[in-house]
Amino acid sequence: MKSRIERAEVYSYKLRYAHGAYTMSLGREVKVLESTVVVLRSVGGVAGYGEVCPLGPTYLPAYAGGAQSALRMLVGCLLGLDATNISQVHAVMDAALAGHGYAKSAVDIAAFDLFGKLAGVPVSQLLGGCAVPSVPLYVAVPLGTPEEMVGFVRRQLEMGLHRFQLKVGSAPATDAARVRAVLEATGDDDVVVADANGGWRLADAVEAVALLEGLPRLRVEQPCATYEECLQVRRRTSLPMVLDEVIVGPQSLLRAAGDGVAEGVNLKVSRVGGLSKARLLRDICAEVGISLTIEDTWGGDLCSAAVAHLAGSTPSRALYAASFMNDWTLEHVAGYQPRSVGGYGPVPDAPGLGVEVDEAQLGAPLFVAG
């Protein structure tokens, strides 16, 4: 069987942030991150590639070393499996190791890439069919002074970006000044999201949304660390709210929909366990009227390609934006493809993920099975 997995390899490479330091709430700062790549090779010699890159060890319960340790346990279980039977691939991984969905997401993406190549279709077709040839992109604006954040936004406006995620989560009055400065520097076609990444305490979040109340073109994202706190904040403001870190599966998503706490969800592929699981959440959001931002925790060309296919197969009415994180990084293992143009990201139309990986960029594998 040509789709049988004959060999699995795991690689690692460094990704540098393109703008120096990526700063978020609670003093979290990133300059360089370690990304992990899984390669699944079929009996017929076809290779599928997947990537996972946690945003450091303090953002979510995930980190590069954890992904690699989990994958070391999992890769041997993959040998002999049919790469086109992705449900079975997940069943075997879950039987070998509970949890660690972020590590399994790299296997999931690699299986989709291999499946698409064997079937001769892009991954977007396997995720429901391509709805649009390109998707609107957003850019994250690192936490800084109002002047620094406005300067960053103006440079991105010149590149065609119109969706901005401002990092906030410090003193409410200071955050409000940041948001107001950026709103004044943008126009009617631009949307601003104030993203605390769970960094506000409840009292600070309530104060912050009161200071921001009534501002146009503004959404608030993940003000507090817990779902219950975010719900309390949402009940105190008319500003649309986006949930991110607390949406980890269909149960948390359905709870948010039932409580009316979220007008939007930031759907990260690796956080929910890969494309197959993200597709389920994507479809629920589309059905219940929740707007979607589709991205990942971090990553390079392979993560950007996976995001492009999931976003491109999302009904356009449900998609707010996606992120091509290879625009945010300096290293490129697939020739800086897919590459954004004028604030939009193309959805590759070649089989699989639709990108060509230069394996020389990956170096020697960390470990191999098969």
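The values are calculated or read from the model by the stated rules, or taken from the named source; none is laboratory data. In this text the structure is predicted, and so the values were computed from the model without any measurement. In this analysis, Cβ positions are derived from the backbone assuming ideal geometry, glycine residues included, and neighbour counts consider all displayed protein chains.
Among the listed residues 297, 314, which satisfies the condition of being buried (at least 24 other Cβ atoms within 10 Å of the Cβ), of a type outside the set (Asp, Glu) and part of a loop (DSSP other than H, G, I, E, B)?
314
For a quick check of your reading of the model, give me the residue pairs whose first member lies in the range 117-128 and is under 13 Å from residue 84 (Cα atoms), whose second is surrounded by fewer than 21 Cβ atoms within 10 Å (Cβ to Cβ) and small (Gly, Ala, Ser), with beta-carbon atoms closer than 6 Å and at least 6 apart or on different chains.
Qualifying pairs under 6 Å: 118/3.
Can you tell me which of 173, 181, 140, 177 is within 22 Å of residue 337 (Cβ to Cβ) and surrounded by fewer than 23 Cβ atoms within 10 Å (Cβ to Cβ)? Outline the logic, then answer.
Working: 173 fails: within 22 Å of residue 337 (Cβ to Cβ); 181 fails: within 22 Å of residue 337 (Cβ to Cβ); 177 fails: within 22 Å of residue 337 (Cβ to Cβ).
The conditions single out 140.
Looking at the structure I just gave you, is residue 93 under 22 Å from residue 307 (Cβ atoms) and either among the hydrophobic types (A, V, I, L, M, F, W, C) or outside the structural domain of residue 197 (by TED's automatic domain parsing) (or both)?
yes
Using the structure shown, decide if residue 364 is more than 24 Å from residue 243 (Cα to Cα) and in the same structural domain as residue 109 (by TED's automatic domain parsing).
yes
If I ask for residues that are of a type in the set (S, T, N, Q) and either assigned to a loop (DSSP other than H, G, I, E, B) or more than 19 Å from residue 24 (Cβ to Cβ) (or both), which ones from the range 128-164 would you list? First the steps, then the outcome.
Pass one, the range 128-164, residues of a type in the set (S, T, N, Q): 134, 145, 156.
Result: 134, 145.
Go through the range 333-362 and give me each residue that's within 21 Å of residue 135 (Cβ to Cβ), of a type in the set (Val, Ile, Thr) and buried (at least 18 other Cβ atoms within 10 Å of the Cβ).
Residues satisfying the conditions are 347, 355.
Looking at the range 338-353, is at least one residue more than 18 Å from the chain's Cα centre (by Cα), among the charged types (D, E, K, R) and outside any loop (DSSP other than H, G, I, E, B)?
no
If a residue must be basic (Lys, Arg) and either over 19 Å from residue 188 (Cα atoms) or not in a helix (DSSP H, G or I) (or both), how many such residues does the range 165-178 contain? Show your work before the answer.
Within the range 165-178, the subset basic (Lys, Arg) is 167, 178.
Cutting the leftovers down to either over 19 Å from residue 188 (Cα atoms) or not in a helix (DSSP H, G or I) (or both) gives us 167.
Going through the range 165-178 one residue at a time, the tally reaches 1.
Pick from the range 56-84 the residues that are surrounded by fewer than 16 Cβ atoms within 10 Å (Cβ to Cβ) and of a type in the set (S, T, N, Q): which of them is nearest to residue 105 (Cα to Cα)?
Among residues in the range 56-84 that are surrounded by fewer than 16 Cβ atoms within 10 Å (Cβ to Cβ) and of a type in the set (S, T, N, Q), the one nearest to residue 105 (Cα to Cα) is 69.
Go through the range 108-124 residue by residue and tally those that are out of contact with any strand residue (DSSP E or B) (no Cβ under 7 Å at 6 or more places or on another chain), closer than 17 Å to residue 311 by Cα and of a type in the set (A, V, I, L, M, F, W, C).
The total comes to 2.
Out of 280, 330, I need the residue that is farther than 29 Å from residue 252 by Cα, surrounded by fewer than 18 Cβ atoms within 10 Å (Cβ to Cβ), at pLDDT 95 or above and hydrophobic (A, V, I, L, M, F, W, C). Which one?
That would be 330, the only listed residue that is farther than 29 Å from residue 252 by Cα, surrounded by fewer than 18 Cβ atoms within 10 Å (Cβ to Cβ), at pLDDT 95 or above and hydrophobic (A, V, I, L, M, F, W, C).
Restricting the search to the range 187-219, which residues are over 24 Å from residue 162 (Cβ atoms) and assigned to a loop (DSSP other than H, G, I, E, B)?
Hits for the range 187-219 are 198, 199, 200, 201.
So for the range 276-289 (the condition being outside the structural domain of residue 60 (by TED's automatic domain parsing), farther than 26 Å from residue 162 by Cα, among the basic types (Lys, Arg) and under 15 Å from the mean Cα position of the chain (by Cα)), does at least one residue qualify?
The answer is yes; a qualifying residue exists.
Scan 32, 37, 46, 10 and give me the residue that is over 22 Å from residue 122 (Cβ atoms) and buried (at least 16 other Cβ atoms within 10 Å of the Cβ).
Numbers: 32 fails: buried (at least 16 other Cβ atoms within 10 Å of the Cβ); 37 fails: over 22 Å from residue 122 (Cβ atoms); 46 fails: over 22 Å from residue 122 (Cβ atoms).
Exactly one of 32, 37, 46, 10 is over 22 Å from residue 122 (Cβ atoms) and buried (at least 16 other Cβ atoms within 10 Å of the Cβ), namely 10.
Residues to consider are 341, 272, 355, 307; find the one that is within 19 Å of residue 10 (Cα to Cα) and hydrophobic (A, V, I, L, M, F, W, C).
Within the list 341, 272, 355, 307, the selection yields 355.
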